[in-house]
Amino acid sequence: MANQGLLKRLNKARIMDAIRRQDDLHRAALADMLGLDRKSVTNLASELLQDGWLVETGVRHRQRGRPQIVLGLNREQHHHLGIHLSETKVVGLLINLYGEIVSRRETSYGFASSLSRIKQAADGVFQSLHDLAGTRLQATGLAAPGIIDNQTGRMIRSVNIPALDGVSLRQLISHNNSDDIALEEASRAKALAEKWFGQGRHLNSFACVDLGIGIGAGIVTERRLHTGANQGEIGHNIIKPGGKLCRCGHRGCLEAYISERIICQDINKCQGGDVQTLAEVESLSPAAEDILAQAGFALGLGLAPLINILCPPLIILSGNLTNFESIVFPEMERGLAQAALPWSRQVVSVKASTFAHDTAAALGAAAAAMSDIFEVTDNT
């Protein structure tokens, strides 16, 4: 016999997820969509309304029969907080159940900052949003770049933020119940943001590639994010054996050619200036355009194995490199033409993320904290 408590939670999650995906739903439409009897949907919806998860948003009148009450998620309650530690700053977002940003905080700390400086910034952002949310805060998620031990919550290795090596990430913020803080690697967090609120919202499978100082990937298959400390390291695919030295110690890695830090260094050399991120680049000399074009070609070579092996229907590119789509994408296609199987390439779309580069991971961290509301399993 099925666990009735689990079945009830599962059906509540299905109701809420259906409403999240498609507005303007009433009880009868939910019953038909989910294959549940109308009495069960009525009872479950009543409990969700009573507990503040749902609200009545309108009335649909019919020529015959009683008017139908339209249901929506409660935008004013059950907020979630997402924190992203990047190489230069911490960004925090408070979101509602639709993924709409209620408030944002950020504090910069610069490259190679000390652990105490990073902790001070992270805790300050957390406390500000925590106090703003008050009793509406449901849960918190934190994302950082690196290899994370999901069992202990400890950062095994962060090439981009060395101060985090060996650190228990949940201890970076002063939380009354730190065990409830969801942790996720930054690139995978961006994939979660796309899954819940972005271009992957209606797809069963897709990949999200993070084009930052490090290059990582989050892979979603059948609506499940691939997890594991060492997964998604697409930046260390070797595209040129014996080529440039990568920070990992190997030569010819994709990251050695398209890391944002490397590209910025090359642009500074050819046209002067001291830009630290591609977001700071305001104009391009012909030589700088050529640097970006070369990065685009290398990107195509690096994406080809992902297309050949997994062939996801969509690859979403996140990062400041996509600001130069008109230069990068044609050369990326040239790289793909050389390295990807033609019949696989034909069924894969490659698009730039619609989220701001410094917002996506924090949004995904919040999504990691809220996912069990919409996805209930027997392990939840």
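Brief remarks on what is shown
- Highest-MSF residue in the chain out of Gly214, Gly92, Gly153 [GNM, Cα springs under 10 Å]: Gly153
- nm² value of the averaged projected area, convex hull over the Cα atoms of the chain: 21.9 nm²
- Helix 4-21 vs. the chain, principal-axis angle (Cα, 0 to 90°, nearest 10): 60 degrees
- Within the range 218-312, the GluC sites (Glu not before Pro) that combine a DSSP coil assignment with at most 12 other C-beta atoms in a 10 angstrom radius are Glu222, Glu282.
- Full-stretch length increase - Leu115, Leu284 - with 0.36 nm per residue and alpha-carbon distance subtracted: 57.3 nm
- GNM flexibility winner over the chain from Leu301, Leu44, Leu73 (Cα, springs under 10 Å): Leu44
- Using alpha-carbon coordinates, inclination of helix 186-197 to the longest axis of the chain, degrees: 40 degrees
- Estimated 222 nm signal from helices in the chain, with DSSP H stretches of n ≥ 4 weighted -39500 (n - 2.57), rounded to 500: -12500 deg cm²/dmol
- His175, His84 arranged by Cβ crowding within 10 Å, fewest neighbours leading: His175, His84
- The range 199-354: relative contact order as a whole-number percent, Cα under 8 Å and 6+ apart: 24 percent
- Size of the range 224-356 from its Cα atoms: along the principal axes, largest to smallest, the extents are 42, 32, 28 Å.
- Counted by neighbouring Cβ atoms within 10 Å, the residues Cys253, Cys270 run from fewest to most as Cys270, Cys253.
- Were the residues from Arg38 through Thr354 laid out at 0.36 nm apart, the gain over their Cα-Cα distance would be 110.0 nm.
- The alpha carbon centroids of the range 75-109 and the range 238-293 are separated by 30 Å.
- Calculated log₁₀ intensity ratio I(q)/I(0) where the Debye formula runs over C-alpha points of the range 4-73, q = 0.27 Å⁻¹: -1.38
- GNM result for the chain, Cα springs below 10 Å: residue of Ser187, Ser283, Ser108 fluctuating most strongly: Ser283
- In terms of distances greater than 20 angstrom between alpha carbons, the cross-link table entries Lys240/Lys351; Lys190/Lys269; Lys119/Lys195; Lys8/Lys39; Lys240/Lys269 yield Lys240/Lys351; Lys190/Lys269; Lys119/Lys195; Lys240/Lys269.
- Ranked list, fewest to most other Cβ atoms within 10 Å of each Cβ, for Leu30, Leu94: Leu30, Leu94
- The value of relative contact order for the chain, using C-alpha pairs under 8 Å at least six residues apart, is 16 percent.
- Extended-chain gain in nm, criterion 0.36 nm per residue less alpha-carbon gap, Leu245 and Cys270: 6.9 nm
Coordinate-derived values only; no laboratory data. Small disclaimer: the values here were computed from a predicted structure and weren't measured. As a convention, Cβ positions derive from the backbone with ideal geometry for all residues, glycine included, and neighbour counts pool all protein chains shown.
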